[in-house]
Amino acid sequence: MRYAFGYGARYCIGIHLARLEMREALDQILLRLKDLRLTDEHIEYDNGVLRGPTHVNIAFTPGARVAAS
């Protein structure tokens, strides 16, 4: 999944909300996946515009479901 917020005249006005939601989602995921670990030390990176990993292999034991508050 890739996200682009544009730039200049086409800059996304919802960028701050999107980043806040992504940060909260990642925080919640990490709370449940306490034993999150890499299964492969080799991480391939995109050499283009995005500058991030193309994929990261992980493993975890799912935690108990938490009721929504």
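Considering region 26-59 alone, what residues qualify as being part of a loop (DSSP other than H, G, I, E, B) and either of a type in the set (Ser, Thr, Tyr) or open to solvent by 90 Å² or more (accessible area, probe 1.4 Å) (or both)?
Correct list: LYS34, THR39, GLU41, HIS42, ASN47, VAL49, ARG51.
Being within 15 Å of the chain's Cα centre (by Cα) and at pLDDT below 85 narrows it down to one residue among ALA25, ALA18, ALA4, ALA9; which is it?
Exactly one residue qualifies, and that residue is ALA4.
The values are calculated or read from the model by the stated rules, or taken from the named source; none is laboratory data. This one's a predicted model, so the numbers in the text were calculated from it and none came from an experiment. Just the protein is used for accessible areas: all its heavy atoms, side chains included, with ligands, DNA and RNA removed. Shrake-Rupley method; radii C 1.70, N 1.55, O 1.52, S 1.80 Å.
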